[in-house]
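Report on one structure; see the data block that follows.
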Amino acid sequence: MVTSYYFFLFTFISLTFLCNNNINPTAAESPDLINNICSKALNAPQCLEFLRPLYHPGDSVRTLTQNTIKSSSTFVFLVYDEIHVREKQTIRDPVLNKIFNKCGEEYTAAVNALNQGIELLQSGDYQNLPSIASNALSQTQSCDTNFTPGEPEPSDFKILAQKAQNVCSIVLILSKQLVSGKF
């Protein structure tokens, strides 16, 4: 149930961004650019689903990167909200509560890194974008390492966390391409 809820949110964020930017969903995308990026992502099908609504023909890689960072930040923040809910739900399980608390700290750092990426992009400081994106990805991945065989990661949360990691990987790929100038 939680997974379908977050799939809905994932789709809703993409569609909201699409509508707010007056993007025509039937417009042709740049298959080479989108496919190139998604072929390097942690999950190519999710990447395609995430990027297609964010790209408008004629957009620069910088514009696509900016749109992707904003949407990724929103999605990672939604995962942080879920962590906060689970933290409250596990108040009587100190071990699991501590794990979700630590995940909350890591996701806070990931959201902050993505927001810093937006600022860097707006200032034209592309050189530091890959390290910021890498930091966001590392922070989301760190949450998974907090779970142990004795306290396994709930499967619905793991799916959500993997989507967060994937959107961060997309930001990292775009950041590297923006810096290298190779599209």
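Taking interchain pairs and intrachain pairs at least six residues apart, which have beta carbon atoms under 7 angstrom, with the first residue in region 74-102 and on the phi < 0 side of the Ramachandran plot and the second polar (S, T, N, Q) and assigned to a helix (DSSP H, G or I)?
The qualifying pairs are Val76/Thr140; Tyr80/Thr108; Glu87/Asn97; Glu87/Asn101; Thr90/Asn97; Ile91/Asn97.
Which of (1) farther than 22 Å from Asn101 by Cα; (2) touching an Asp or Glu at 6+ places or on another chain (Cβ under 8 Å) is the odd one out, the single condition Leu172 does not satisfy?
(2)
From Asp59, Asp81, which residue is among the acidic types (Asp, Glu) and modelled with pLDDT under 95?
One residue alone meets the criteria, Asp59.
Would you mind telling me which numbered condition in (1) open to solvent by less than 20 Å² (accessible area, probe 1.4 Å); (2) not in a loop (DSSP other than H, G, I, E, B) Lys98 fails?
Result: Lys98 passes all but (1).
Enumerate the pairs (first residue in region 34-55 and in contact (Cβ under 8 Å) with a residue 24 or more places away in the chain; second residue anywhere and assigned to a loop (DSSP other than H, G, I, E, B) and among the basic types (Lys, Arg)) with beta-carbon separation below 9 Å, excluding pairs fewer than 6 apart on the same chain, so at least 6 apart or on different chains.
Once the first residue is in contact (Cβ under 8 Å) with a residue 24 or more places away in the chain and sits in region 34-55, its partners that are assigned to a loop (DSSP other than H, G, I, E, B) and among the basic types (Lys, Arg) give Cys47/Lys40.
Could you tell me whether region 54-76 includes any residue that is over 23 Å from Pro130 (Cβ atoms), of a type outside the set (Ser, Thr, Tyr) and in a helix (DSSP H, G or I)?
No: zero hits.
The values are calculated or read from the model by the stated rules, or taken from the named source; none is laboratory data. Note that the structure is a prediction, hence the values are computed from the model and not measured. Every residue, glycine as well, gets a Cβ built from its backbone with ideal geometry; the counts of neighbours run over all protein chains shown. Heads up: the accessible areas ignore ligands, DNA and RNA and are worked out on the full protein's heavy atoms, side chains in. Shrake-Rupley method; radii C 1.70, N 1.55, O 1.52, S 1.80 Å.
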